[in-house]
Structure formats: structure tokens, C-alpha cells
Amino acid sequence: LLREGRLDARTGVKHGPSDFGRLAAAFDAMVERLQTDDRALRRANRALRMISAANRELLRASTESELLAAACRVAIAVGRYRLAWVGFAEHDERKSIRIAAHHGFEQGYLEILDVTWSDTERGRGPAGTAVRTGRPAVVRSIATDPSFGPWREQAIKRGYASAIALPLRFDGEMLGALTLCAGEPDAFDEREITLLSEMADDLAFGIIHQRLRLKHERAEEALTRLAYFDALTGLPNRVHLREKVDKAIEQAKPRGDPLALLRFDIDRFHDIQDGLGYTRADRLLKEVASRLRGVVAPDETVARVGEDEFAVWLPGADESHAITVARKLLDAVHESFGVTGLLVDIQASVGIALFPRHGAAADALLLRADIAAHQAKQAGTGFAVYAGATDQETPERLALISELRRAIESDRLLLHYQPKVALRSQKVSGAEALVRWPHAAKGMIPPSQFIPLAEHSGLIKPLAYWVLRQALRQVSAWREAGFELPVSVNLSARNLRDPELVDKINALLLASSVDPGLLKLEITESTLMEDPARSRDVLRRLKDMGIEISIDDFGTGYSSLNYLATLPVDALKIDRSFIVNMASSATHMAIVATSISLARTLELKVVAEGVDTAEQANLLRLLKCDEIQGYFYSPPLPANECKDWCEKFASRSAGSPVST
Ligand code: C2E
Ligand code: CA
Ligand code: CA
């Protein structure tokens, strides 16, 4: 009506058509402006709605791919574009853009896209341009824009009329681009571009945030793995096992359920390691780990608790099940291992400790299982259930035994050498090897504390072999350096009862190619008295090999002279307790003097130990003692210092004989 000039809009009065012509034109113009504004407003609104929807979604996403998918989904749902996709700029030779997420109508379009961000034909589309320039790239009309050439046909087929690519950039780093294709031409005006750019920035921030979070999580995971798993085998480690076992024990206690902890030790692993080298030995351990893993049920745990020690945790297991598993574990390693072309056979021992019988904490069970494994090894039975004198075994003592075993096995003991001086010639006649245990927490543990422990726990045998091997190595190294010094090694009573002792010493001498004359053995008088017949036999064989033998701590063992006279020994070593009081006690003086004359009669050499004053040394010289050893000359020293000391002593006594 208005247009036709039939109605006055305000008054409702009819007018002629001529009056209305201009009004109508103005109105049209106003409507058009309003419509334009409205379109702009709607565009801006759609972008704004998108941003806020996107932000909500982005905040919810918990992974990067979820985040990208959400961004594309929001663009389609809220922005009503036909296609949204995110591409990442790769730094490969082609500078390709990898499609990471998309949403909307694409019908295989992205597959044939093949975009890059290089300055080439396939790089001059919106995505490539946005990445390359770092600015939004708009294609107002896909139908006519020359830069869209490579994709035009396929795009038009799918109803895309215009497109925009927004760079995804964070803190100067170009990640890629978010591309939107719209169904109508010229779909993006300035304001919308600005708002979309903001959304792209938020997305880029979200991506970086996710990546950082992932990195952080990975680092945390790696730390957790490190703390709880063994890096070589991937098995749970000791800490992990302990937590698991302690927790299980807490749960089992009220119900009285049984539990078992097995310990699987490879015998002589260090010899194997020496033979194979570390890399191959590591492979072997991995292989052992996987065979053990293969034997146990899914709810049972195999852990690595030491270099060559594994533990197997059996929840709910009684003794008979534990024994069944022990047998299976031993069977599993029965067949040879192929290690880079070599066939390796291993022997192992399994120790079993049971809850509640043998302990109510992981550490106690681990220790008892360790002791049981050791019992199995000694008895040659393959496996053993813990059978120990529980009352005298305090946890500290048990722990120390385990630590000592490990120290012996991993070469962590030391030998010090104390020189002996021949009084008449004023020459160093030899040195006594004295074992030392440097303990990480307790410092240097003196032999008086751990030798009895070793004797009690069966460790005295490996300890003696360690000392012998080490002492011979030293003699051989010294000899190679032009320094020849006989070394005395102490043996315990139990060592004399070891049927392998003589053969082992022989083998060690051969292996080190040290002359038997350079090895001496010290055996305490009390040791010899424990089993006189047997001692005599062993000493005979050792002496026949050319090894000199001294009776240590002489005077403390109440040996009968008859017996002494028949022993194949070379020297008597007068115990330190007599030397200490010699100068002040007539009785002790008499004992020393008698011992020396007794030795003369039996044609034995006499050595005095623990000489720490000049007065004692003087008296001993007058009594015609052959050799003396003690702080007066030198304390026990590390090998290189002992060599230095001896050389210094030799040059001093060569120039001017020492008179004390
Ligand atoms: P031992 O065989 O009687 O060794 C002599 C001990 O007296 C050593 O103590 C030595 O350091 C100490 N000593 C030497 N000169 C003096 C001195 O002038 N004054 C004083 N106060 N002490 C002196 P260490 O090294 O502590 O050894 C103690 C014992 O441990 C040894 O007594 C020996 O029975 C045993 N032992 C040491 N090494 C071994 C070993 O490799 N195997 C065995 N089975 N026993 C060992
Ligand atoms: Ca000794
Ligand atoms: Ca002594």
C-alpha cells in the first residue's frame, strides 16, 4: 500500500502515488541498510557464538585430538560452515600440511587436497598462504580466485563458495591453520575475520597447552616408571614389590590368608658376566626375566630385586603352591639361553619364605627367602623353604648377611696389606692381606664384626675365595711392576672343612700364574684343633703345593705340643695379646720367650704380631724372633701405599740399618 502511495504510514490518510515515490525509495534504502547491518551483525554474532562455544569445548577437551575435533565440530554446528579442518605445518622437505582434524561435508575432498605451505601452486591456497604469511587468507570466491585453481573443481562440486584459513600460531611458533569453507560466496567480512582470528588464537593456545600437559604427564610417567620399575627388564623393582607385598600382607592378616615370596638367584652370575661381557649378560638377564614372567599367573608378580636376583610374589599361595612355582621357575631356565649366537647355561637357586610363618613384612620375607635361596644353593637342592634359627636372627643381622653376600659378589670388599719385617736382615719379608668392608651407610666395617657373621652364614667360603683371588691378582700385578712380595691370607676353620679348598687354591694359583711360594696361609691355632686329623691332611696337601703355612694367634689355642710337632707348618705367629703385655707382665714375657724357643726346637719360623712400640721390637730382637708385624712399622695399607712403604723401607735400610 505504501509503495503504491495509497496509505500514509503515520496518519493512515491516503495520498497520491507521487508523494510516496521518494519515501518508498528512502524506506527501501533503510531496509537494505538494516538488512546489511543485520547480516553483519548476524555474522559477527555467529563468530562470537562460535568463539564462546569453542572456548567451552576447548576447555573440556582432554587431549589434543579431542581439542581439534571439538574446534571443527563447533565451527560447523555454530558457524554453519560446510567444512572445517585443521592442518599442521610439517617441517619436511615438501613443507606439507598434514590434516589433523576435520568436520562437516567433505566427501573425500581432504584426501585429494595435497596442500603445502611452500611458495608453489599447491602452497598458494588459503591454508598454505596463512601458514606462510602468518595472516588470515580469505578466498571470497572459489569460483573465480586464481589461487584456488588446483582445488576449484572439487570444491565447487561439494558446494564450497568461499573459504578462509586462519593461522594457528602461538608465541611465534607456526603450528598450522584452521580452514573454513562456506556455502555462500564472500562469507567473511572484516569483523568476522577478526573474531575468527581470535578463535584461532585460542585454539593454538589450547594445542600448546595440551602438548605441554602431555609432555608433563609423560615426564611424570617416566619418573614413576623409574622409581617403580627396573629399566633393563621392565619388571617391577624392589621398591614396587615391597609396597605391593606390604599392602597384601595388611589385607591378608585379618583373614589369615597365606602368602609366599620366592627369591630366584642366578648362581655365579659374576663369572657369567665376566665371560659374556656386560651387554650380553644384560640380554641374558632380560631373557631370564621373560622366562620367569612366562611361568607365573597374571595375579603373581615377578620383580627384579638385585643385579641377578629376582623375586616372585604369590598372593594366596601356601607352601605346596610355592614349591610348585619354584620348580616351574627352575624348569624355565633349564634350557640353554641363546645370547647373540652363544649358548649359555645357567644354574639358579630358589628360596621360599611364607607369610605368616617366616615374617609379616616384605623386608623380612625378602631376607628369609634370600637366606633360603642360599641354603638351596649350598645344599644343591635347587630350591628350599626357609629353615633358620629365627630367634638369633635379628633383622639387622639378617640384613647385614645379605649385604655382605652382595658385597662379596659384586667385588665391593677391599684388601689392605700389612708389611712384615725380618728382624735380622731388616728387609720386608711379606705382607698380610686383611679384608676390609667399606659399607655405604656404616663406613668401614672391621673384620672382627663381619668375619664371624660370614662364618655363621656360610659366606666364609665365597669370602675366602674372594680374598685369595684378590690377593693373587695383587701379587701378580706387583710382580709385573717389578715388585715381588709374598702375601699371607687368613683362613677360617670352616675353610679347612671345605672339600674344594685345595683344588680351588690350586686353580687360582694357575689362573694368576703366581708362584705358590708367594702365597702364604695363616690358620689359627684353634681352627687346627677343631678337627686335627683333617687339618693335618689339608695342610699337608697345601704344603706339598709349595705354600707356606703359619699357625696364627699362637698361644691361645691350647694345642698339645705332640700334635703341634706333627703338623706340616712353617711358622708360628705369636698372638698380639702376649706381645702387648710383654714388657709389663713377666708371665707374658715368659710365654713369648717359650714360644720362640719352642719354634726353634721344631725348626719353625717365629713371627710376632701387633708390635706397636720400639720397646717391644727391641725385646723381640733380643729373643731372636724372626719377623715382626705391627703398627710400629706400619698399619695395614691399601695395596699401592703398601708397595710405596716397602720401597721406601728398602731404600732406608739399605743405607743405614735400622736399630731400634
Ligand atoms: P689377625 O689375623 O690376628 O690380624 C691381625 C690384626 O691385628 C689385624 O686386625 C691388624 O690390623 C691388627 N694389628 C696389626 N698390627 C697391630 C698393632 O700394632 N696394634 C694393634 N692394636 N693391632 C694391630 P684386623 O685387620 O682388624 O683383623 C682382625 C682379624 O680379622 C684378623 O686377625 C683375622 O683373624 C681376621 N681377618 C682379617 N682378614 C681376614 C680374611 O681375609 N680372612 C679371614 N678368615 N679372617 C680375616
Ligand atoms: Ca692373621
Ligand atoms: Ca691375631
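Bear in mind these aren't lab numbers, they're just calculated from the coordinates by the rules spelled out. Keep in mind the model is a prediction, meaning the values are calculated, not measured. Using ideal geometry, Cβ is built from the backbone for each residue, glycine included, and neighbour counts are taken over all protein chains shown.
Electrostatic bookkeeping for LEU354 treats Lys and Arg as +1 and Asp and Glu as -1; over the other residues with beta carbon under 11 Å from its beta carbon, the sum is 0.
Might you report the magnitude of the Cβ-based charge dipole of the stretch 324-384 about its Cα centre, with Lys and Arg at +1 and Asp and Glu at -1, to the nearest 20 debye?
240
Put in line by how crowded their Cβ is, counting other Cβ atoms within 10 Å and starting with the fewest, MET529, MET174, MET444, MET199 read MET444, MET529, MET174, MET199. Checking every one of the GluC sites (Glu not before Pro) in the stretch 410-505 against DSSP loop status and a limit of 13 other Cβ atoms within 10 Å picks out GLU484, GLU500.
Farthest towards the positive end of the charge dipole of the chain, among the residues LEU501, GLN251, LEU285, is the Cα of GLN251, using unit charges on the Cβ of Lys, Arg, Asp and Glu. For LEU485, what charge total do you get from the other residues with a beta carbon under 15 Å from its beta carbon, if Lys and Arg give +1 and Asp and Glu give -1? Summing Lys/Arg as +1 and Asp/Glu as -1 gives -2. The residues packed around GLN375, meaning those with a beta-carbon under 12 Å from its beta-carbon, carry a net charge of +1 if Lys and Arg are +1 and Asp and Glu are -1. A DSSP coil position with no more than 13 other Cβ atoms inside 10 Å describes the following GluC sites (Glu not before Pro) in the stretch 270-366: GLU335. Ellipsoid fit via the Cα gyration tensor, the chain: semi-axes of 93, 29, 22 Å, each the root of five times an eigenvalue, largest first.
Its DSSP H runs of at least 4 residues, each contributing -39,500 (n - 2.57), put the calculated 222 nm mean residue ellipticity of the chain at -16000 deg cm²/dmol, to the nearest 500. Looking at this model, which pairs from LYS328/LYS461; LYS244/LYS442; LYS543/LYS643; LYS377/LYS504; LYS286/LYS442; LYS461/LYS605 are more than 25 angstrom apart at the alpha-carbon? Flagged as over cut-off: LYS328/LYS461; LYS244/LYS442; LYS543/LYS643; LYS286/LYS442; LYS461/LYS605.
Here the scattering of the stretch 335-393 is modelled by Debye summation over its C-alpha atoms, one equal scatterer each and no solvent; at q = 0.12, 0.13, 0.15, 0.26 Å⁻¹ the log10 of I(q)/I(0) is -0.38, -0.42, -0.51, -0.96.
Net length available on complete extension from LYS427 to ASP171 is 84.3 nm, with 0.36 nm assigned per residue and the Cα-Cα distance removed. If a spin label sat at a point 7 angstrom from the Cα of GLN251 along the line to its beta carbon, the backbone N atoms of the stretch 290-333 nearer than 15 Å would be those of 298-301, 313-317.
Each Lys and Arg adds +1 at its Cβ and each Asp and Glu adds -1 at its Cβ; summed about the Cα centre, the stretch 92-164 shows a dipole of about 200 debye.
What the pair-distance distribution of the stretch 434-475 shows, using all Cα-Cα distances binned every 5 Å from zero, is 6, 21, 25, 26, 17, 4, 0 percent. Working value for the stretch 140-235: equivalent-ellipsoid semi-axes of 44, 17, 9 Å, each the square root of 5 times a Cα gyration tensor eigenvalue, largest first.
Taking 60 Å as R0, compute the FRET efficiency from the Cβ-Cβ separation of THR587 and ASP299 and round it to 0.05.
The computed FRET efficiency comes out at 0.30.
DSSP bridge analysis restricted to the chain gives an antiparallel fraction near 70%, rounded to the nearest 5. If the chain linking THR340 and LYS648 were pulled fully straight, counting 0.36 nm for each residue of separation and taking away their Cα-Cα distance, it would gain 105.8 nm. Return the FRET efficiency for the residue pair GLU603, ARG268: r is the Cβ-Cβ distance, R0 is 41 Å, and the value is rounded to the nearest 0.05. Computed FRET efficiency for GLU603 and ARG268: 0.45. Got a sec? Which residues in the stretch 169-196 would a label at ALA143 touch, if it sits 7 Å along Cα→Cβ and we count backbone N under 17 Å? Label zone hits: 182-188.
Hey, with R₀ at 30 Å, roughly what FRET efficiency would THR194 and THR120 work out to, going by the Cβ-Cβ distance, to 0.05? Efficiency at R0 = 30 Å is approximately 0.55. Let me make sure I get this right: for the stretch 585-633, a, b and c are the square roots of the gyration tensor eigenvalues over alpha carbons, sorted descending. Under 1.5 in a/c it's rounded, otherwise prolate if a/b > b/c, else oblate. Which is it? Oblate shape, in that a/c is at least 1.5 and b/c is the bigger or equal ratio. Placing unit charges on the Cβ atoms only, positive for Lys and Arg and negative for Asp and Glu, gives the chain a dipole magnitude near 1360 debye about its Cα centre.
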